[in-house]
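What follows is one structure encoded as structure tokens, with my remarks underneath.
The values are calculated or read from the model by the stated rules, or taken from the named source; none is laboratory data. Since the structure is predicted, the reported quantities are computational estimates derived from the model, not experimental observations. Neighbour counts are summed over all protein chains in view; Cβ atoms, including those assigned to glycine, are modelled from backbone coordinates with ideal geometry. Note: accessible area is taken over every heavy atom of the protein model, side chains too, but ligands, DNA and RNA are not part of it. Shrake-Rupley method; radii C 1.70, N 1.55, O 1.52, S 1.80 Å.
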Amino acid sequence: MRYNLARMARRAGVRRAQVTLRPIAMPAEMKRDLLRIIRRIPQRWRTLWNERIEAVYAAGIDQLTRDDVSDDMAETLRTAEAIAATIVVEVSAEVAEWIERAEAWHRRRWVAAVQAGAKVDVFPFIDTIEHRADIQAMLERTTSLIRGLDDQARKDVAEVVWRGFTNQTPRRKVAKQIAERIGVVNSRARLIAIDQSQKIAADLTRMRQKEAGITLYRWRHSAKQNYRPHHKARDGKTYRIGEPAGDEPGMAIYCGCQGAAVLEIEDE
């Protein structure tokens, strides 16, 4: 349901010409929850190596004269991929639940921010059904990255294993290489969790602002140690929603900047 927050604020007695609502940032606890969920992908591949693949690899290296050794290894890898695929489905379902919780958390924070700045209770005007497509798009974007994470782990493990077979690399050396590759996937999982939690918070803020008929926002810099100079230069400046095109707060990778809604209070 769309509503005109500026007009409602005027009717509620707000007399200032312009009101800036406090920005909404994703809490560290929710970021950690998303990281815990996504890290199940590299954790499962580490377990698959330890409990299934490593033993078959070691036996294969010891019996390379057998014609069916490579067949055993190939079958083991196919089984591992099938098991990992079920985890991807489970992780995607958990991410969907996480996004639902994030939306509910953001809704509460938005209601509180509007109440504090505009003296209006907008809870009855928020329509969660209307935004199902927006929330589904957030889920699809995140699950696509999760599938890519599993693809990377699968390819890395297979590459190391088959190269080891070809070169008759000792099990311990291959185990070290596997650990390194999975460590890279684990690091990428962390970056995905940070980036997507920030993007989803920014997407939800823009969604709420548009629903409330808000057309302006004030840039709030993330204050991160590693920042984009042009983002820091925008700190405190006011922009129209949709601008700068393609580079609003939270859109760039790992961007933690926020857009604080700006109300231009209408006269009756």
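How much net charge surrounds Val111 when only the other residues with a Cβ under 11 Å from the Cβ of Val111 are counted, with Lys and Arg +1 and Asp and Glu -1?
Summing Lys/Arg as +1 and Asp/Glu as -1 gives +3.
Distance cut-off 26 Å, Cα to Cα: go down the list Lys176/Lys199; Lys210/Lys237; Lys155/Lys199 and report the pairs above it.
Violating the 26 Å Cα-Cα cut-off are Lys176/Lys199; Lys155/Lys199.
Can you tell me the order of 85-92, 124-131 when each peptide is scored by its average per-residue count of other Cβ atoms within 10 angstrom, highest first?
Working: 85-92: 14.9, 124-131: 13.0.
Descending mean neighbour count gives 85-92, 124-131.
Which percent of the accessible heavy-atom area of the chain goes to carbon and sulfur, probe 1.4 angstrom?
49 percent
Just one of (1) 19.2; (2) 17.2; (3) 16.5 is mean projected area of the Cα convex hull in nm² as worked out from the coordinates here. Which one is it?
Among (1) 19.2; (2) 17.2; (3) 16.5, the one derived from this structure is (3).
Using label points projected 7 Å from each Cα along Cα→Cβ, tell me how many nm separate Thr20 and Asp151, to one decimal.
4.2 nm
Report the label-to-label distance for Leu139 and Asp62 in nanometres (one decimal), using points 7 Å from each Cα along the Cα→Cβ vector.
The answer from the label model is 4.8 nm.
Show that you can apply the helix-only estimate: for the chain, add -39,500 (n - 2.57) for every DSSP H stretch of four or more residues, divide by all residues, and state [θ] at 222 nm to the nearest 500.
Numbers: 8 runs with 167 residues, N = 268.
It comes out at -21500 deg cm²/dmol, rounded to the nearest 500.
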